[in-house]
Amino acid sequence: MSISSPDTCISHNNNNLPNLSNKSNGMRGNKYNCNNSGTPRTRLERLLRERELRKFNKSLNDGETELSNNDSFSPDSFEAFSWFNDEESLETISANRCSTDGCERQDSRTSRERLLVVANRLPVSAVRRGVDSWHLEISVGGLVSALLGVKEFETRWIGWAGVNVPDEIGQRALIKALAEKRCIPVFLDEEIVHQYYNGYCNNILWPLFHYLGLPQEDRLATTRSFQSQFDAYKKANQMFAEVVKEHYVEGDVVWCHDYHLMFLPKCLKERNRKMKVGWFLHTPFPSSEIHRTLPSRSELLRSVLAADLVGFHTYDYARHFVSACTRILGLEGTPEGVEDQGRLTRVAAFPIGIDSDRFIRALELPQVQDHMKELKERFAGRKVMLGVDRLDMIKGIPQKILAFEKFLEENPNWRDKVVLLQIAVPTRTDVPEYQKLTSQVHEIVGRINGRFGTLTAVPIHHLDRSLDFHALCALYAVTDVALVTSLRDGMNLVSYEFVACQASKKGVLILSEFAGAAQSLGAGAILVNPWNVTEVASSIGYALNMPADEREKRHHHNFVHVTTHTSQEWAATFVSELNDTIVEAQLRTRQIPPPLPIEVAVDRYAKSNNRLLILGFNATLTEPVDTLGRKGSQIKEMEPKLRPDLQEPLRKLCDDPKTTIVVLSGSDRSVLDDNFGDYSMWLAAENGMFLRATKGDWMTTMPENLNMEWVDSVKHVFEYFTERTPRSHFELRETSLIWNYKYADVEFGRLQARDLLQHLWTGPISNASLDVVQGSRSIEVRSVGVTKGAAIDRILGEIVHNKGMKEPIDYVLCIGHFLAKDEDIYTFFEPELPSEVPAPVRSHVTPPVRTSVSKLSTSRSLSREDRLKKHRPMPTIERSKSYHVNTDVFQSRVVDRMSLQEGSSVLDLQGDNYFSCSVARKRSNARYLLRSSDDVVKLLTELTNSWIDSMNTDGSTMEGN
Ligand SMILES: O=P(O)(O)OC[C@H]1O[C@H](O[C@H]2O[C@H](CO)[C@@H](O)[C@H](O)[C@H]2O)[C@H](O)[C@@H](O)[C@@H]1O
Ligand SMILES: O=c1ccn([C@@H]2O[C@H](COP(=O)(O)OP(=O)(O)O)[C@@H](O)[C@H]2O)c(=O)[nH]1
């Protein structure tokens, strides 16, 4: 048995790779240089090399930074963030950009890569102090904290300053103030902010992505406002795109962030296809079952897919996203990402981190030490438990407080020995849900403090405010147990920050299993289900009583993770992978055949005398395939139908006496009869095993001793899988069986296909003389050697003889959506065979039956001329049960060069009169590509027109074919 897969291997040409050679960076070769030349060939080799380079550069930079920065570090101010305070302002940059002949150029003084970070929120919020005066404050939130730690790039941040600035004077002053911080504002008016930010982002996407569902109340009003909010969302995204466009310099990396900007990648790519665009989601991406409830589900997915690289915090989120694209959009999910028409959007997990050094060093600062002293005194004799969250329903604050209440209830001895400090930073205060949450939390805290408080102490200290960096670090450092009970959380950086500040205390982290951080800190933390109040309460007890050595071990594990997986690493890895995705895409593009030059093909057609058109059927002459096929009558769609708009051009071409048309398909005879019975052409069914001129009877080209003993066993297996895979079906043909799962659940279908293949490869029929051919959503089993390329010489022989051709064929157009296995038809007509003939597919023990198929094996090693001179007698004919097969006629049709004038060959393709075209399959050995059967319509219509024109010019008469 032999197996072929639909994917062909990409061979990489390294010439255009960025220069990372050892010579240029001064690094010596190492174990990752997996090939002799030292030039990375695969994606992984390139990424490993890139990583090493980064480490190498970092070690150089660290040396320098330590020498120059040691004394001046001031973590609680803008100065802490290196990219915030570059001497050069944005104004200087834009002046540079526009100076010479209006051309934009990259700033020559910087060697670092330019990174445009585009996020809804700027890292600073602006507070107006006067008509043209602004005060800037650092915004609170994980995204800001993480990105401020990124130092490797020449970064600009584009976003909303969190304030409405309707007047021009105010806008100009703010642009200037922000430019000093390398920030560029996007001005959103109040109405847009209301509809886009409060509405679509925070009332629809945010709860949905955190598994809280779509808004339930007043369905009609929701539906109405849904549309206007989505419109505002798109409009806001376009406004972001405008600002990016204004500041973009060729070569910049544009990194879009979060659910606010899912529409942005599409807007950017529409404006500039070459822009390097990445998109990263900071929240969870929910299961496709949740995402599919969103009315704009497809549009958002498609927009995100316009990016080159799409990143998530965890593998689970990435998996959900790919699954949504396969299930909702019907696209192909691969381990690399999502494929659409040969274009790959890479999807991967990039867990964020923090700038751990910043926290560790802050603990040494006198003001932090003072804070710590104060806190220790204030809570002397009590264990400190800490919660730090934005006051958001995803953070599970009520659940946390209720669990603490339960703990106190069950452990009276702890009541005066423990205190819970809850910092609840107000957020999205204009959204009613958030307002409700605030009152709810206040009420619970009040009740518990009333219940367990004394005249001198309360068990819960709840603060509705944010703390400055120093106060926060001090608080982290004095804490015994940190309590993170998010119901869902993209990552949760508070848990990382706590660990970074615990080098001496080695406190315990209780962490929700629904926070992304549980993936990385799960081994050191106590994981809890925040909905299970009893479990959280007992975990509090466990944490407070944990022996020192266990605390140490757990802490060590987490500390190593937090200090190695930093925000710098995160950003550098993402950008490096984004750059590599572009390289990979270029390599892929080079494999894609160029579009068919239709004018040339038509011109050559008009100038030739004896033309052969070989046309595939499925997805070539039928409507483009709808992968999902969910709507409409599926049964009808299972039977392929000739496109109505092809009927006329095809009929006219068939009437051209100088043209011979063969429809060569995997379909069986009845399908071809139904669709083409009325045309004057040749039909080759079942990959060429049956042949018929529409005026005559079916003949078979099946080799006499073709081994078909396997059919019953395979049928049995296919029946089994069809029964167990809803919406799959199988077709039994004379020489092949096909199991098709196009309409089945994508993921289940794929799993079943894997099982089926496994069985075919290793089960009882693995030694049978058959070929297993994988389609994108089908598995076909054929007799060994049954391919379109193998059949074409026999078909050609019969046609030449039957038509009594006197002149050689001087034009061949061969177009089809053929499986890789059948692409041997394209190579058949090539004047010279490619130097690297694709390696033979895996071959099993039983030798193939060598009849007519062996002719191809022989002929493949010969030149086209020789191949065509080497026609052998046709095989013995079998009589089909359901069809009349005219054996006599076929047996006599032995064609060789003697059919033509002495010495001439059947084919004479002068110059480039051979056009092989793959329809919609970008990985192909064909010379050219047609995007879809729409292009086939265009091509055949133009061929028809050219023939009609030539008849009108030279007055030729139409004869039968
Ligand atoms: O800007 P806001 O609307 O006030 O919200 C603050 C931020 O909240 C979200 O943060 C998320 O990003 C963190 C870092 O990746 C992650 O640890 C956390 O789990 C997420 O919730 C939001 O995604 C940001 O866009 C907001 O700025
Ligand atoms: O008073 C506060 C409370 C929190 N944070 C910061 O807010 C971020 C919260 O990030 P996280 O990932 O935990 O959740 P998010 O708020 O982004 O959902 C952390 O970096 C905290 O240091 C802060 O600066 N001041």
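Read the figures in this text as sums done on the coordinates, not as results from a lab. Keep in mind that what you see is a predicted model, and the values were worked out from it rather than measured. Every residue, glycine as well, gets a Cβ built from its backbone with ideal geometry; the counts of neighbours run over all protein chains shown.
Before moving on, here are some points about what is shown:
- Structural size metrics of segment 374-499, computed from C-alpha coordinates, are Rg and Dmax of 14.2, 42 Å.
- Among the chymotrypsin sites (Phe, Trp or Tyr not before Pro) in segment 445-551, those located in a DSSP loop and surrounded by at most 15 other Cβ atoms within 10 Å of their own Cβ are TRP531.
- Cα shape, segment 356-565, gyration tensor, a/c 1.5 rule: rounded
- Amide H contacts under 5 Å for ARG343, placed H, 5+ residues apart: none
- Per-peptide packing, taken as the mean over residues of other Cβ atoms within 10 Å, places 731-738, 440-447, 305-312, 588-595 in the sequence 305-312, 731-738, 440-447, 588-595 from highest down.
- Under 5 Å between amide hydrogens, built in the peptide plane, is the criterion, and for ILE158 it picks out VAL117, VAL118, ALA119, ILE184 among residues at least 5 positions away or on other chains.
- Over 32 Å (Cα to Cα) - which of LYS274/LYS788; LYS395/LYS505; LYS151/LYS922; LYS245/LYS742; LYS55/LYS235; LYS181/LYS269 fall in this group: LYS274/LYS788; LYS151/LYS922; LYS245/LYS742; LYS55/LYS235
- Anisotropy class of segment 161-278 from Cα gyration tensor, a/c 1.5 cut: oblate
- Taking amide H atoms as placed 1.01 Å from N in the peptide plane, the amide H of GLN422 lies under 5 Å from those of GLY387, HIS461, HIS462, LEU463, each 5 or more residues away in sequence or on another chain.
- Judged by the gyration tensor of its Cα atoms, with axes a ≥ b ≥ c, segment 127-199 is oblate; a/c meets the 1.5 cut and b/c is at least as large as a/b.
- Per-residue ³J(HN,Hα) for segment 323-332, Karplus 6.51 cos²θ - 1.76 cosθ + 1.60, θ = phi - 60°, Hz, x for Gly and Pro: 5, 4, 5, 6, 7, 8, 9, x, 8, 8
- Pairwise label distance in nanometres, TYR542 with LEU212, each label 7 Å out on the Cα-Cβ vector: 2.8
- Ranking of LYS788, LYS652 by count of other Cβ atoms within 10 Å, fewest first: LYS652, LYS788
- Lys, Arg +1 and Asp, Glu -1 on Cβ, resulting dipole of segment 393-474 about Cα centre, debye, nearest 20: 100
- Cα-derived Rg over Rh, computed across segment 575-725 with Rh taken as Kirkwood radius: 1.07
- TYR233, TYR317, TYR434 arranged by Cβ crowding within 10 Å, fewest neighbours leading: TYR434, TYR317, TYR233
- For the peptides 293-299, 121-127, the ranking by mean Cβ contacts within 10 Å, running from highest to lowest, is 121-127, 293-299.
- Label point of LYS695 set 7 angstrom out along Cα-Cβ; within segment 794-822, amide nitrogens under 11 Å from it belong to 803-804.
- Segment 710-783, relative contact order [Cα under 8 Å, separation at least 6], %: 33
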